[in-house]
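Everything on this sheet refers to the single structure shown next.
The values are calculated or read from the model by the stated rules, or taken from the named source; none is laboratory data. Computed from a prediction, not measured in an experiment: that's the story for all the values here. Please note: Cβ atoms are built from the backbone with ideal geometry, for glycine as well, and neighbour counts cover all protein chains shown. Note: accessible area is taken over every heavy atom of the protein model, side chains too, but ligands, DNA and RNA are not part of it. Shrake-Rupley method; radii C 1.70, N 1.55, O 1.52, S 1.80 Å.
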Amino acid sequence: MSNERQLSDLDRMAFARGALTRRDLLRRAGMAGGALAGASLLAACGGSSGGGSSAAASSGGAPSFPHTVSSSWTFSNWPLYIDTEKKTHHPSLEAFDKKYNTTTKYLEDIEDNDSFFGKVKAQLEAGQSIDRDIVTLTDWMAGKWVALGYAETLDKSLLPNVEANQTSALRGRSIDPDDSHLVPWQSGFTGIAYNPKLTGGELTAISDLWDPKFKGKVTCLTEMRDTLGLVMLDLGIDPAQCTVDDAQKAVDALQPQVDSGQIRKFTGNDYAGDLAKGNVVACMGWSGDVVQLQFDNPDLKFAIPDKGGMIWTDNMIVPKGAQNPYNAHLWMNFYYQPEIAAMVE
């Protein structure tokens, strides 16, 4: 296999988030959420180093389940990824529970696409319920679940608000061409998160993370599509058009930073705690994490690097075998009311 070959369609899914230049920022900010009127940069999650799709068919056919509200249901999401009040209250979920007389079990147990998939893969392969009615996964992993048949087909008759308010930029994507399995939750950006009081100034490039004075206080993301994408952009390579050789150049640029101890570790969302505490002074991070962290630490900043950042979308999925799919549909439709999407924002 030649290192100069162009990536296949499945390989290209690894960089489905795409590159984002500063010029693109204002143009794309309007599509930063699944709902037109609720666009948000709050959410924070990422791509990862997992494989592509399988030849297995996605879950198809007309959905059939009782249209009865269950007394409780489970929503599994990323940390720092929903409206929060007094640390533990989520007003949007509380409004939903009150409207439908249900109790939402809200889990923040998705730190990384790959690790979460590894946790539930055996159950999905065996056709068993994973005890969750919605999971929220990044575009490339969401597409993998669709291809593997792990995403239930949605009943669009229960989703009139989604049909009316989903932004056109997130319709008909290659990971779900007929929008029958995925409902976008939030979109945002991957760039540099840092504390200028600890770095001694502004950071504008990924290469700024390699300043020797930050040794051992820098982290990168386990999400390969983000980390290699950002490094390729820093090297002047467009990750949306990269070759295997281009990706290897990014790996080669990272290796000395790993070997020298410049990079403290590779993380999922768990970098947020170290950044907030000052154990990490600068890192690759997600826009929404920083927005949330700034409530407690306004010194923190998020920046799209001068040479570009990455853009992502996360998607709500009803996992195959979900026990309360009607509640899941009700939540998706409830969230796509502009006033509720704005509340989450």
Take region 283-318 and flag every residue that is at pLDDT 95 or above and within 25 Å of Ile134 (Cβ to Cβ). Asn315, Met316, Ile317, Val318
Can you give me the number of residues within region 96-110 that are open to solvent by 40 Å² or more (accessible area, probe 1.4 Å) and in a helix (DSSP H, G or I)? 3
Quick count over region 249-278, residues being at pLDDT 95 or above and among the polar types (S, T, N, Q), is 4
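Collect the residues in region 186-202 that are polar (S, T, N, Q) and not in a loop (DSSP other than H, G, I, E, B), keeping them in residue-number order.
Here is the first cut: in region 186-202, the residues polar (S, T, N, Q) are 186-187, 190, 195, 199.
Within region 186-202, Gln186, Ser187, Thr190, Thr199 qualify.
Does region 133-164 hold any residues that are of a type outside the set (Phe, Trp, Tyr), farther than 23 Å from Thr104 by Cα and buried (at least 20 other Cβ atoms within 10 Å of the Cβ), and which are they?
Step one: filter region 133-164 for residues of a type outside the set (Phe, Trp, Tyr), giving 133-139, 141-144, 146-149, 151-164.
Then drop every residue that is not farther than 23 Å from Thr104 by Cα, which leaves 139, 141, 143-144, 146-149, 163-164.
Asp139, Met141, Gly143, Lys144, Val146, Ala147, Leu148, listed by residue number.
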Give region 130-140 a look and list any residue that's at pLDDT 95 or above and not in a strand (DSSP E or B), or say none. Ile130, Asp131, Arg132, Asp133
Do we find that Gly268 is in contact with a Phe, Trp or Tyr (Cβ under 8 Å, 6 or more places away or on another chain) and crowded, with 19+ Cβ neighbours inside 10 Å in this structure? no
All but one of (1) under 23 Å from Ile175 (Cβ atoms); (2) surrounded by fewer than 22 Cβ atoms within 10 Å (Cβ to Cβ) hold for Gln337; state the number of the condition that does not hold. (1)
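Could we say that Ser71 is at pLDDT below 95 and either open to solvent by 50 Å² or more (accessible area, probe 1.4 Å) or among the hydroxyl-bearing types (Ser, Thr, Tyr) (or both) here? Full working, then the answer.
Details: at pLDDT below 95: no; either open to solvent by 50 Å² or more (accessible area, probe 1.4 Å) or among the hydroxyl-bearing types (Ser, Thr, Tyr) (or both): yes.
It is false that Ser71 is at pLDDT below 95 and either open to solvent by 50 Å² or more (accessible area, probe 1.4 Å) or among the hydroxyl-bearing types (Ser, Thr, Tyr) (or both).
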Out of the residues in region 221-239 that are out of contact with any Lys or Arg (no Cβ under 8 Å at 6 or more places or on another chain) and hydrophobic (A, V, I, L, M, F, W, C), state the one that is most open to solvent (accessible area, probe 1.4 Å). Met224
Which count do you get for residues in region 194-220 that are open to solvent by 30 Å² or more (accessible area, probe 1.4 Å) and among the polar types (S, T, N, Q)? 2
Check on Phe334, of a type in the set (Phe, Trp, Tyr), over 17 Å from the mean Cα position of the chain (by Cα) and within 20 Å of Ile192 (Cα to Cα): no
I need a count of the residues in region 271-303 that are open to solvent by 60 Å² or more (accessible area, probe 1.4 Å) and touching a Lys or Arg at 6+ places or on another chain (Cβ under 6 Å). 0
Within region 205-251, the count of residues that are closer than 18 Å to Tyr194 by Cβ and among the aliphatic types (A, V, I, L, M) comes to 8
Considering region 175-193, residues that are open to solvent by 10 Å² or more (accessible area, probe 1.4 Å) and among the charged types (D, E, K, R), and then whichever is farthest from Asp139 (Cα to Cα), we arrive at Asp178
Could you list, in sequence order, all residues of region 225-249 that are in contact with a helix residue (DSSP H, G or I) (Cβ under 6 Å, 6 or more places away or on another chain) and under 21 Å from Asn113 (Cα atoms)? Arg225, Leu228, Gly229, Leu230, Val231, Pro239, Ala240, Ala247
